[in-house]
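Shown next, in structure tokens, is the structure this report addresses.
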Amino acid sequence: MSRAEILGAIRRGLRRGALPDDQAMALRARLAGHPRHLVPARSQVARPAQIALFIANVEKEFGTVARVASLDDVPAAVGDYLAAANLPTDFAMAPHPDLLGLNWASRPMLTPRVGRAQGTDLVCLTQGYAGIAETGTLMLPATPERPTTLNLLGDVALVVLKATRIVGPYEAAWDLLRQELGMPRNVMLVTGPSRSADIESTLELGAHGPRNLHIVLVDDDPTAIG
């Protein structure tokens, strides 16, 4: 069934016809124009301060960050984090070129399994599409090289993020996504590990997803080094 047929069936079920011309025109203009919301001034700062703001906001939301000089340092950073937290050294890993090209053999204790996460995976590693300094949020679109299951099923979420992919406000991240990928079927915005305080206002980490979020931040942006 085509998209038009599906939407037509929904309209018939709701007893709705086509939108009036003025409403249809306004809707098309809004979709094409991407109107801007208020942009907080706190994210409109120099690059070193922007990176520092991103890290501070991640840590404020119970995440952790390790900075490394290059992608070549990622396997060591992952190994050190897992060892310090007494976590298993086998993990599910996204089939992203940045990760597939790393020398995982340099840390022989690590055992990455490339592909989607499974319910038995405790640790998952993915590649971060963008970081938003405004709130310390990760943008993780669903693409073949970034399976969404890696963001949800593991108890520990590891994310490799390049400093050049950190932007100030949300609007800049959405602009980047539209320019490079269009609009994927799913885009996750992750701010810290999963948590809830629904029961007796007691904060519980890992309520609906990963209990721990650790970002390996690659310092590939010379302008971001203060």
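Quick note: the coordinates plus some simple rules give every number you see, no bench work behind them. The shown structure was predicted, so the numbers you read here are calculated from the model rather than taken from an experiment. As a convention, Cβ positions derive from the backbone with ideal geometry for all residues, glycine included, and neighbour counts pool all protein chains shown.
Structure notes:
- For the chain, the Cβ-based charge dipole about the Cα centre amounts to some 940 debye (Lys, Arg positive; Asp, Glu negative; other atoms uncharged).
- Rounded tilt (10° steps) of 3-13 against the dominant C-alpha axis of the chain: 60 degrees
- Under the Karplus curve 6.51 cos²θ - 1.76 cosθ + 1.60, θ = phi - 60°, whole-Hz ³J(HN,Hα) for the stretch 105-116, x wherever Gly or Pro sits: 5, 5, 10, x, 6, 7, 10, x, 10, 7, x, 5
- Label positions at Ser106 and Val187, each projected 7 Å from the Cα along the C-beta direction, are separated by 3.3 nm.
- Highest-fluctuation residue, Ala32, Ala52, Ala18 considered, GNM on the chain with Cα pairs under 10 Å: Ala18
- Subtracting the Cα-Cα distance of Ala4 and Ala41 from 0.36 nm times their residue separation leaves 9.1 nm of extension gain.
- Most mobile listed residue (Arg67, Arg146, Arg185) in the chain, GNM with C-alpha springs under 10 Å: Arg185
- Note on the chain: with a GNM built from Cα contacts shorter than 10 Å, the maximum mean-square fluctuation among His214, His34, His96 falls on His34.
- Spatial separation of Cα centroids for the stretch 161-178 and the stretch 43-75, in angstrom: 13 Å
- Neighbour counting of Cβ atoms within 10 Å sorts the residues Arg116, Arg165, Arg28, fewest neighbours leading, into Arg28, Arg116, Arg165.
- Between the beta carbons of Thr89 and Thr223, assuming R0 = 22 Å, the FRET efficiency works out to 0.05 to the nearest 0.05.
- When peptides 71-80, 120-129 are sorted by average Cβ neighbour count within 10 Å, with the highest value leading, the order is 120-129, 71-80.
- Where both bridge residues fall in the chain, DSSP classifies roughly 30% of the beta bridges as antiparallel.
- The chain: relative contact order as a whole-number percent, Cα under 8 Å and 6+ apart: 24 percent
- Listed values for the stretch 163-172 are Karplus-derived 3J(HN,Hα) couplings in whole Hz (6.51 cos²θ - 1.76 cosθ + 1.60, θ = phi - 60°), namely 4, 5, 9, 8, 10, x, x, 4, 4, 5, and x replaces Gly and Pro.
- Estimated from helices alone, the mean residue ellipticity of the chain at 222 nm is -8500 deg cm²/dmol (sum of -39500 (n - 2.57) over DSSP H runs with n ≥ 4, per residue).
- Residue-wise HN-Hα coupling along the stretch 84-95, computed from phi with Karplus coefficients 6.51, -1.76, 1.60 (Hz; x: Gly, Pro): 5, 8, 6, 9, x, 9, 9, 7, 7, 10, 5, x
- Distant-in-sequence amide contacts of Tyr129, defined by a placed amide H-H separation under 5 Å and a gap of 5 or more residues or a different chain, comprise Met139.
- For the chain, the longest principal axis of the C-alpha atoms and the axis of helix 21-33 are separated by about 20°.
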